[in-house]
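Read through the structure below, which is laid out as structure tokens, and then see the notes.
The values are calculated or read from the model by the stated rules, or taken from the named source; none is laboratory data. These numbers were taken from a predicted model, which means no experiment stands behind them. Using ideal geometry, Cβ is built from the backbone for each residue, glycine included, and neighbour counts are taken over all protein chains shown. For accessibility, only protein heavy atoms count, side chains too; no ligands or nucleic acids. Shrake-Rupley method; radii C 1.70, N 1.55, O 1.52, S 1.80 Å.
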Amino acid sequence: MPGGPGWGPAAQPPGQLPPPVPAQPPGAPSAWSQHLPPTPPQYGPPNGGRPGGSGKPWLIGGAVLVVAAIVGVIIATSGGDDKNAASGSPSGAPGGGKLPSRAPAGRTFTHVPDGCRLIKAATIASIAPGTECKPSQFDNTTMAAMITKMPSWDTPSGSGGRLLHLRVHLTVSPGAKGMYDMDKSTALNALKDMRTTTDSRSLTGLGEEAYVVHAVDKDMGGLAEATVIVHEGNAAFSVSFGYDTSDSGPRQQQSEDAAVAAARDVLGSLS
């Protein structure tokens, strides 16, 4: 039976094909589909640093390190506060990556040693004796616009030695200034409810700008940490020195001096 008016598709004149359906443009990839580096494992065993399971986990700074690292990837690859990012040129970035040819004012670094070589062995023996270095899985990240190193030195579990923790978070990228500002804000503000800040001030004679923060954890029975944040050219990094105040070892001034000494090594290792 012929269809009534308004029902079904309109009849085509004899000998005329239906109009073609326009091709759909390919969908742009979603930002949620982009891959970020995997979440690094916790630094050291949950109860490391004391025989018999009496160790204390490092919470100061560690609770926000993963978030800061992932946000740092976004800042670094987008150029951070650099409004005039240029196309890349070959450099010493790992995996044949390229660092942008126009870097922020100051020194331009293109080579970074292995994470465990950022701090001299003699410095480690002096400020964190008995600790062992563990490179982060971020250390081998190959990205076009950045180099990242995140090694840590910890007292081995069950060694009976003083509980010490040394961590470096280094990024070389055009967004170094933004990374420095973020690391400084993190050290000052991220864990206000969990720790008491006992010192925070600018440092001179270390990079273009540097800052130190010392804080004591409120709930972990005396864990403390000194963090030094440094910005120089296209590099930004933080060095955190953690210790147990109940040990007969470092105190606030000694821990700050230790973090500064390590920071000088890190900066001196870049080229």
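Entry remark, segment 220-257: residues being of a type in the set (A, V, I, L, M, F, W, C), surrounded by fewer than 24 Cβ atoms within 10 Å (Cβ to Cβ) and under 18 Å from GLY161 (Cα atoms) number 2 in total.
Within segment 114-126, the only residue that satisfies the criterion of being at pLDDT 95 or above, open to solvent by 20 Å² or more (accessible area, probe 1.4 Å) and assigned to a loop (DSSP other than H, G, I, E, B) is LYS120.
For segment 221-253, taking the residues that are out of contact with any Ser or Thr (no Cβ under 9 Å at 6 or more places or on another chain) and hydroxyl-bearing (Ser, Thr, Tyr), the one that is modelled with the lowest pLDDT is identified as SER248. The number of residues in segment 182-218 that are touching a residue at least 40 places away in the same chain (Cβ under 8 Å), open to solvent by 40 Å² or more (accessible area, probe 1.4 Å) and either acidic (Asp, Glu) or closer than 22 Å to GLY233 by Cβ (or both) comes to 2. For segment 127-169, a residue qualifies if it is charged (D, E, K, R) and either in contact with a Lys or Arg (Cβ under 8 Å, 6 or more places away or on another chain) or part of a loop (DSSP other than H, G, I, E, B) (or both), and the qualifying residues are ASP139, ASP154, ARG162.
From the list VAL239, VAL216, the lone residue that is within 18 Å of the chain's Cα centre (by Cα) and farther than 18 Å from PRO174 by Cβ is VAL239. Of the residues making up segment 109-137, those that are in contact with a Pro (Cβ under 6 Å, 6 or more places away or on another chain) and in contact (Cβ under 8 Å) with a residue 60 or more places away in the chain are SER136, GLN137. Within segment 154-168, no residue that is touching a residue at least 60 places away in the same chain (Cβ under 8 Å) and surrounded by fewer than 16 Cβ atoms within 10 Å (Cβ to Cβ) sits with its Cβ atom under 6 Å from a residue that is of a type in the set (A, V, I, L, M, F, W, C) and part of a loop (DSSP other than H, G, I, E, B) at 6+ positions apart or across chains. Among the residues of segment 163-211, just one is of a type in the set (A, V, I, L, M), closer than 14 Å to ALA224 by Cα and within 14 Å of the chain's Cα centre (by Cα), namely ALA187.
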